[in-house]
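Worksheet for the structure shown next.
What follows draws every value from the coordinates through simple rules; no lab data is involved. Since the structure is predicted, the reported quantities are computational estimates derived from the model, not experimental observations. Cβ coordinates were reconstructed from backbone atoms using ideal geometry, including for glycine residues, and neighbour counts include every protein chain displayed.
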Amino acid sequence: MFSSRTHWQFGLNRLSQKLARMKKDGIPVLDLTESNPTRCGIDYQTEDWLAPLADEKNLIYAPDPKGNEAARKAVSEYYRSKRADVRPDSVFLTAGTSEAYSFLFRLLANPGDNILIPRPSYPLFDFLADLHDLRLKPYPLRYDGSWFIDLPELKKSVDPGTKAVLIVSPNNPTGSFLKREELSELNKIAAERKIALISDEVFSDYFFAEDASRAETAAVNQRALSFALSGISKILGFPQMKLGWIAVAGPDEEVCRASERLEIIADTFLSVNTPVQTALPAWLAKRALLQGQINGRISENLTFIRQKITRGSPAELLAVEGGWYATLRLPSVRSGEAWALEFLEQDRIYTHPGYFFDFPGEAYLVLSLLPPSAVFREAVSLIAERIGKD
Ligand SMILES: Cc1ncc(COP(=O)(O)O)c(C=O)c1O
């Protein structure tokens, strides 16, 4: 009855089963996987964020496939504040970044084609690829004290069915940014092999130090057809408002041909609701009120874990440049999953094992830096104690 693309594994893994049982029994858990900002004690009452939704303009339906012009101008302003010149005309609004991926996969690939994705990275890509009948070919990110793309391996993965290289900068969960030199190599590959670059920059406003070696946004990349993705789920901590965008860049002719197709894809769905588009300029103008809180939280939690997991510790805190996550490498006496189960059973701490993000080898744990600091401190202290005992 159902398409083979939906033949997923249903049911809970061991960790989720255990968590579900604990929740059912009313056992409180210190959740270090929580990265929904609306559940992490961010104060949304500092401003009347809902007021811009009540605009009378919202009673009129005036669809534009790219999204309403004032909203696209606000996106252009957002990039200007990052010293990037992105014209409103090259912006397409979408109902979240996930939908932006969907549009791009439809634009670029036929069934059976492939997209190169970083490994480790964000698990959503598997489902998106299944839904669009695509294959994912992972290219490795390596760690030698900092993360970098294994470019020779990436090059080897490109084949005639490769339609795009996906970059996540900073990556979820490694927190590593794409570097200028890496972008320059990717541009060469993309131009030579006629493949596009898709750059997911949803976390790019969150970084712990400046670094001149970081690549600038792909929204201004002229050397290859590029699609920069972002949205307010991270920029404002508003995942429930469902607003993202694609900024198209590259050689003029390719941008033109991509844009006319994208316009039809977007026009087919017209999925972004009018009120959030109307509200976007006011929201983006005040983003510092929420970003400031989120940055404060992730910086405070990162400082704490850096103090707890130091050089002498049996665990290692991997270098993190930005984003909302930290990665711990634990002694490989057991797998990441076994560690996560032990922390859940013994200490009531819920963490994500590295295999969720396709980390090669063992034993990795990914922690969200967003939970309230009291929760984070208690959980990380217990983790440090247990690792010390082992
Ligand atoms: C790297 C990355 N891209 C995209 C998304 C999804 O963003 P949106 O809520 O705009 O669909 C997420 C969500 O966590 C993410 O981590």
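The table below lists the values:
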read-out	value
Qualifying positions in the stretch 346-390 - more than 19 Å from GLN307 (Cβ to Cβ) and in a strand (DSSP E or B)	TYR350, HIS352, PRO353, TYR364, VAL366
Restricting the stretch 187-211 to residues that are in a loop (DSSP other than H, G, I, E, B) and within 15 Å of the ligand (Cβ to nearest atom), the residue that is nearest to LEU154 (Cα to Cα)	GLU201
Answer from PRO140, PRO160 - the residue that is assigned to a loop (DSSP other than H, G, I, E, B), surrounded by fewer than 21 Cβ atoms within 10 Å (Cβ to Cβ) and more than 16 Å from the ligand (Cβ to nearest atom)	PRO160
Contacts under 7 angstrom Cβ, first residue in the stretch 56-81 being over 19 Å from ILE265 (Cβ atoms), partner of a type outside the set (Gly, Ala, Ser) and in a loop (DSSP other than H, G, I, E, B), 6 or more apart	SER76/VAL86; SER76/ARG87; TYR79/VAL86; TYR79/THR217
Candidate set from the stretch 30-82 (those that are basic (Lys, Arg) and more than 19 Å from PRO275 (Cα to Cα)); member that is nearest to the ligand (Cβ to nearest atom)	ARG39
Residues of the stretch 7-50 satisfying the condition of being closer than 22 Å to PRO239 by Cβ, assigned to a loop (DSSP other than H, G, I, E, B) and free of Cβ contacts under 8 Å to residues at least 12 places away in the same chain	ASP48, LEU50
Every residue from the stretch 328-342 that is within 24 Å of GLY175 (Cβ to Cβ) and surrounded by fewer than 23 Cβ atoms within 10 Å (Cβ to Cβ)	ARG329, PRO331, SER332, SER335, GLU337
Those helices (runs of 4 or more DSSP H) lying entirely in the stretch 212-302 with at least 1 residues within 14 Å of the ligand (Cβ to nearest atom)	232-235, 274-285
